[in-house]
Amino acid sequence: MSNAELDYLEQRANHRTALVRRAILLTPTAIVITGLVAYSAQYLPASLMPAIILAICAIAVDFEAISTLRDLRAEPTTTRGQIARLWKKSKYLFIGRVDYMLVDRLLFEIGPIAAAELRPGDEVVVEHWPHTTMVISLARDRGQRATR
């Protein structure tokens, strides 16, 4: 599939910088939250509720930090396939709306303009980081759209 057959909907030129920025933010945060879990675990059972809440947060932040650090050593990958599902959801406690796309059992967060252009069943080519699935570029196959 050549670039002439692709209709690019989203491209991020500074994707590597965004990945490094994410690692700089998440890694120290993960270390601090994990340290707080260890500290609160020393005072169990009196600190049961804080330990549980911190542990849940630590699991989420540690997972994201590890995925981001793994992507720093990896190369971007390309996923081609049909969109299985598109949906919108609130991100943080009803603040902001995010568009999600499911392709080949991988979940991608996409921009609102790309989400408005795409429909379930469209053939897409997504260039992304393998562990965080951070989108670098998103394109729709023009040939597939014309056959509808």
When the stretch 24-45 is checked residue by residue, the ones that are surrounded by fewer than 19 Cβ atoms within 10 Å (Cβ to Cβ) and small (Gly, Ala, Ser) are 35, 38, 41
In the stretch 78-94, residue farthest from residue 7 (Cα to Cα) [restricted to those that are among the hydrophobic types (A, V, I, L, M, F, W, C) and touching a strand residue (DSSP E or B) at 6+ places or on another chain (Cβ under 9 Å)] | 87
Residue that is nearest to residue 70 (Cα to Cα), among those in the stretch 118-148 that are modelled with pLDDT under 95, under 21 Å from the mean Cα position of the chain (by Cα) and among the hydroxyl-bearing types (Ser, Thr, Tyr) = 132
Can you tell me which of 119, 97 is closer than 28 Å to residue 24 by Cβ, among the basic types (Lys, Arg) and in contact with a strand residue (DSSP E or B) (Cβ under 8 Å, 6 or more places away or on another chain)?
-> 97
Determine, yes or no, whether residue 39 is among the aromatic types (Phe, Trp, Tyr), out of contact with any Lys or Arg (no Cβ under 7 Å at 6 or more places or on another chain), closer than 21 Å to residue 126 by Cα and not in a loop (DSSP other than H, G, I, E, B).
-> no
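The values are calculated or read from the model by the stated rules, or taken from the named source; none is laboratory data. If you're wondering where the values come from, they're calculated on a predicted model, not measured in any experiment. Quick reminder, even Gly has a Cβ in these numbers, built from the backbone with ideal geometry, and neighbours come from all protein chains shown.
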